[in-house]
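Chemist: First, the structure itself, so that you have it in front of you.
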Amino acid sequence: MYRPIGPKLITMNALLGSLVVLASCVMLCNAQCYFIPIEGSPDNSLKECKDLGGVTYAMNSKWKNERCEECSCNPTGIDCCNTVAIPVGFSKMKCKKLFNQKTCTYTVVEKKNPKKTCLVQQWVM
(Lines give C-alpha, C1' and ligand atoms only; values in the text may rest on other atoms or scores of the structure.)
Protein backbone atom coordinates (compact mmCIF):
# COMPACT_ATOMS: atom_id res chain seq x y z
CA MET A 1 0.00 0.00 0.00
CA TYR A 2 1.32 3.41 -0.99
CA ARG A 3 1.45 6.08 1.72
CA PRO A 4 2.35 9.59 0.63
CA ILE A 5 4.90 11.49 2.68
CA GLY A 6 3.12 14.02 4.81
CA PRO A 7 3.98 17.72 4.96
CA LYS A 8 5.04 17.38 8.61
CA LEU A 9 7.70 14.80 7.73
CA ILE A 10 9.01 16.94 4.86
CA THR A 11 9.17 19.99 7.15
CA MET A 12 10.98 18.00 9.86
CA ASN A 13 13.53 16.68 7.35
CA ALA A 14 14.12 20.18 5.96
CA LEU A 15 14.57 21.56 9.48
CA LEU A 16 16.98 18.76 10.42
CA GLY A 17 18.99 19.36 7.24
CA SER A 18 19.15 23.09 7.95
CA LEU A 19 20.39 22.48 11.49
CA VAL A 20 23.16 20.18 10.23
CA VAL A 21 24.29 22.83 7.73
CA LEU A 22 24.17 25.56 10.39
CA ALA A 23 26.15 23.47 12.91
CA SER A 24 28.78 22.75 10.26
CA CYS A 25 29.07 26.43 9.38
CA VAL A 26 29.48 27.41 13.03
CA MET A 27 32.28 24.86 13.41
CA LEU A 28 34.05 25.96 10.22
CA CYS A 29 33.55 29.70 10.71
CA ASN A 30 34.95 29.80 14.24
CA ALA A 31 38.30 31.36 13.29
CA GLN A 32 41.07 31.86 15.83
CA CYS A 33 41.43 35.56 16.59
CA TYR A 34 43.59 37.78 18.78
CA PHE A 35 43.78 41.45 19.71
CA ILE A 36 46.78 43.81 20.02
CA PRO A 37 45.76 46.86 22.10
CA ILE A 38 46.81 50.25 20.82
CA GLU A 39 49.57 52.05 22.70
CA GLY A 40 49.47 55.78 22.55
CA SER A 41 48.07 59.01 23.80
CA PRO A 42 45.31 59.06 26.41
CA ASP A 43 43.12 61.27 24.21
CA ASN A 44 42.96 58.53 21.52
CA SER A 45 44.14 60.90 18.79
CA LEU A 46 46.28 58.28 17.03
CA LYS A 47 45.83 57.89 13.30
CA GLU A 48 47.55 54.50 12.98
CA CYS A 49 48.21 51.14 14.62
CA LYS A 50 51.53 49.35 15.08
CA ASP A 51 51.77 45.55 15.00
CA LEU A 52 54.16 43.42 17.06
CA GLY A 53 56.77 43.62 14.29
CA GLY A 54 56.73 47.43 14.33
CA VAL A 55 54.85 47.84 11.04
CA THR A 56 52.33 50.70 11.09
CA TYR A 57 48.89 50.70 9.45
CA ALA A 58 46.41 53.51 8.85
CA MET A 59 43.36 53.75 11.10
CA ASN A 60 40.39 51.72 9.80
CA SER A 61 42.58 49.82 7.30
CA LYS A 62 42.43 46.08 6.62
CA TRP A 63 45.17 43.72 5.39
CA LYS A 64 46.34 40.11 5.29
CA ASN A 65 49.62 39.48 7.12
CA GLU A 66 52.43 37.01 6.33
CA ARG A 67 50.67 34.30 8.38
CA CYS A 68 47.56 34.64 6.18
CA GLU A 69 45.55 36.28 8.97
CA GLU A 70 42.96 38.95 8.15
CA CYS A 71 43.75 42.02 10.28
CA SER A 72 42.20 45.44 10.84
CA CYS A 73 43.27 48.62 12.62
CA ASN A 74 40.62 50.34 14.74
CA PRO A 75 40.69 52.98 17.52
CA THR A 76 41.24 50.34 20.24
CA GLY A 77 43.93 48.30 18.46
CA ILE A 78 44.55 45.57 15.89
CA ASP A 79 42.24 42.58 15.44
CA CYS A 80 43.62 39.58 13.53
CA CYS A 81 41.86 36.31 12.67
CA ASN A 82 43.15 33.11 11.11
CA THR A 83 41.43 32.36 7.81
CA VAL A 84 43.34 29.22 6.81
CA ALA A 85 41.60 25.84 7.07
CA ILE A 86 44.07 23.23 8.37
CA PRO A 87 43.67 19.60 7.28
CA VAL A 88 43.54 17.13 10.19
CA GLY A 89 41.42 14.21 8.97
CA PHE A 90 43.85 12.34 6.71
CA SER A 91 46.29 9.41 6.89
CA LYS A 92 49.40 10.83 8.57
CA MET A 93 51.30 7.62 7.82
CA LYS A 94 50.66 7.83 4.08
CA CYS A 95 50.24 11.58 3.49
CA LYS A 96 51.68 14.99 4.38
CA LYS A 97 50.26 18.52 4.31
CA LEU A 98 51.90 21.29 2.28
CA PHE A 99 51.22 25.00 2.83
CA ASN A 100 51.10 27.43 -0.10
CA GLN A 101 52.02 30.89 1.24
CA LYS A 102 50.79 32.68 -1.91
CA THR A 103 47.28 31.22 -1.84
CA CYS A 104 47.09 30.67 1.96
CA THR A 105 45.89 27.10 1.45
CA TYR A 106 46.97 23.60 2.39
CA THR A 107 47.22 20.62 0.04
CA VAL A 108 47.54 17.07 1.31
CA VAL A 109 49.65 14.76 -0.85
CA GLU A 110 51.08 11.25 -0.66
CA LYS A 111 54.55 11.07 0.89
CA LYS A 112 55.78 8.55 -1.69
CA ASN A 113 54.18 10.29 -4.66
CA PRO A 114 53.64 14.04 -4.02
CA LYS A 115 51.83 14.37 -7.35
CA LYS A 116 48.87 12.42 -5.91
CA THR A 117 46.51 14.15 -3.49
CA CYS A 118 45.07 12.44 -0.44
CA LEU A 119 41.48 12.40 0.79
CA VAL A 120 40.92 14.84 3.66
CA GLN A 121 37.85 14.18 5.77
CA GLN A 122 38.22 16.96 8.36
CA TRP A 123 39.52 20.55 8.40
CA VAL A 124 39.86 22.94 11.34
CA MET A 125 40.48 26.68 11.55
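The values are calculated or read from the model by the stated rules, or taken from the named source; none is laboratory data. Just so you know, these numbers come straight off a predicted model, no measurement behind them. Don't worry about glycine lacking a Cβ; one is built from the backbone with ideal geometry, like all the others, and counts go over all protein chains shown. SASA here: full protein model, heavy atoms, side chains in, ligands and nucleic acids out. Shrake-Rupley method; radii C 1.70, N 1.55, O 1.52, S 1.80 Å.
Chemist: Confirm whether Cys81 is closer than 22 Å to Gln101 by Cα, within 16 Å of the chain's Cα centre (by Cα) and at pLDDT below 95.
Modeler: no
Chemist: Which residue pairs have Cβ atoms closer than 6 Å, lie 6 or more positions apart in sequence or on different chains, and pair a first residue in the range 103-122 that is more than 14 Å from Lys92 (Cβ to Cβ) with a second residue that is open to solvent by 60 Å² or more (accessible area, probe 1.4 Å)?
Modeler: Thr107/Leu98
Chemist: Please specify each residue of the range 79-108 satisfying the condition of being open to solvent by 40 Å² or more (accessible area, probe 1.4 Å) and among the aromatic types (Phe, Trp, Tyr).
Modeler: Phe99, Tyr106
Chemist: Considering only residues of the range 39-78 that are of a type in the set (Gly, Ala, Ser), surrounded by 12 or more Cβ atoms within 10 Å (Cβ to Cβ) and modelled with pLDDT of 90 or more, which is nearest to Thr105 (Cα to Cα)?
Modeler: Step one: list which residues in the range 39-78 are of a type in the set (Gly, Ala, Ser), which gives 40-41, 45, 53-54, 58, 61, 72, 77.
Adding the requirement that they be surrounded by 12 or more Cβ atoms within 10 Å (Cβ to Cβ) leaves 40, 61, 72, 77.
If we keep only those that are modelled with pLDDT of 90 or more as well, we get 61, 72, 77.
Working: Ser61: 24, Ser72: 21, Gly77: 27 Å.
Checking each candidate, the answer is Ser72.
Chemist: Another question, if that's okay. Does any residue of the range 109-120 turn out to be modelled with pLDDT of 95 or more, open to solvent by 80 Å² or more (accessible area, probe 1.4 Å) and hydroxyl-bearing (Ser, Thr, Tyr)?
Modeler: Scanning the range 109-120 turns up at least one residue that is modelled with pLDDT of 95 or more, open to solvent by 80 Å² or more (accessible area, probe 1.4 Å) and hydroxyl-bearing (Ser, Thr, Tyr).
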